[in-house]
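All remarks here apply to the structure that follows.
The values are calculated or read from the model by the stated rules, or taken from the named source; none is laboratory data. Just so you know, these numbers come straight off a predicted model, no measurement behind them. Neighbour counts are summed over all protein chains in view; Cβ atoms, including those assigned to glycine, are modelled from backbone coordinates with ideal geometry.
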Amino acid sequence: MLKTQPIVRAQGKGIPALGLGTWTLENQECIDIVEEALHLGYRHVDTAQAYDNEESVGKGLQKAKIDRENIFLTTKVWFENFEPSRLKSSVEDSLKKLKTDYVDLLLLHWPVFDKADMRDVLDALMKVRQDKKALTIGVSNFTTRQLQQAQEHCDNTLVVNQVEYHPFLDQSAVLKKVKEHDMALTAYSPLARGEVFENETLDRIAKSRDVGVAEVVLAWLRSQDQVIAIPKTTSKDHLKSNLKSLDLKLSEDEIEEINKLKRPDGRVIDPDFAPDWD
Ligand SMILES: NC(=O)c1ccc[n+]([C@@H]2O[C@H](COP(=O)([O-])OP(=O)(O)OC[C@H]3O[C@@H](n4cnc5c(N)ncnc54)[C@H](OP(=O)(O)O)[C@@H]3O)[C@@H](O)[C@H]2O)c1
């Protein structure tokens, strides 16, 4: 692991605080960005069955020639695959595409349990971990109530809840719950899918520090205990500037100012199968 990569600890496991998101990356562009990210020092890559790019992510990982044990790789099970035997075979399929024997973290992508009971799905997830095809397991888009139920069922062994988090969205309730369970919160869409670049406050702080807005936002996320961020980019320059956010330490005043940007309509990802958010 590079010295510059801070680690977040969840349930005793170390997770690099900055990862590469890959949603919408595909084919050669995906292969190239994953390879370049690893060459630049990224050690955490996030994909999902639903992104339809596990094969390209796997090729990028292979081309980068970094020892597998030094990479933290996450994938997610789509809810159409929640029926227990299907979950198992879908993960095997993911591993084949990713060209690896295991993922570091396996998540349930969305809490949609109309095809199978949550407890059965969690049992199937724990079985994957028992079979060492996932070193750790977790969830995504779970509300505090769902997370509490899931942790009770799994003897408090889930390590991550991956949820949308950026300056425009208040996630204090989810973060509090995650900390109670010694977990990490992985912030997805940490740049609000580009909306952060339209904000005057963030722009002013970035200019005063002579850095980009993405660096400011990623530094703000990193200033919070137990928070990991996985920005996605198609640009090699943006890969570099996002990594440089690790060198930026915001002042208390700057953090306070960014804390005030949250608003009730700040959520950018809200499909019709989403839960009743906290
Ligand atoms: N669990 C879930 O349900 C879920 C849902 C959504 C996302 N995710 C994960 O979270 C990852 C990140 O979220 P996201 O892809 O929705 O959006 P995001 O990371 O918030 O934003 C991506 C956008 O920001 C731009 N960008 C990135 N770095 C930049 C920089 N330094 N300067 C200027 N622009 C920059 C990108 O454009 P360029 O390409 O031009 O850089 C792209 O338009 C996903 O890829 C995925 O892995 C998970």
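Of note:
- Filter result for the condition that a residue is in contact with a Leu (Cβ under 6 Å, 6 or more places away or on another chain), within 16 Å of the ligand (Cβ to nearest atom), aliphatic (A, V, I, L, M) and modelled with pLDDT of 95 or more, over Val178, Val159, Val163, Val174: Val178
- Test: Glu257 is part of a helix (DSSP H, G or I), modelled with pLDDT of 95 or more and within 11 Å of the ligand (Cβ to nearest atom): no
- Residues of the range 227-240 satisfying the condition of being basic (Lys, Arg) and outside any helix (DSSP H, G or I): Lys232
- Filter result for the condition that a residue is more than 26 Å from Ala124 (Cα to Cα), crowded, with 17+ Cβ neighbours inside 10 Å and in contact (Cβ under 8 Å) with a residue 24 or more places away in the chain, over Val77, Val34, Val103: Val34
- Pairs where the first residue, in the range 4-27, is at positive phi and the second is β-branched (Val, Ile, Thr) and more than 16 Å from the ligand (Cβ to nearest atom), C-beta under 7 Å, 6+ apart: Gln11/Thr157
- Tallying residues that are away from the ligand (no atom under 13 Å from the Cβ) and surrounded by 24 or more Cβ atoms within 10 Å (Cβ to Cβ) within the range 181-203 yields 2.
- Any hit, the range 265-274, residues being exposed (fewer than 11 other Cβ atoms within 10 Å of the Cβ) and assigned to a helix (DSSP H, G or I): no
Let's see how each residue does on (1) outside any helix (DSSP H, G or I); (2) surrounded by fewer than 17 Cβ atoms within 10 Å (Cβ to Cβ); (3) more than 9 Å from the ligand (Cβ to nearest atom):
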| position | (1), (2), (3) |
| --- | --- |
| Ile205 | no, no, yes |
| Ser208 | no, yes, yes |
| Asp225 | yes, yes, yes |
| Asn242 | no, no, no |
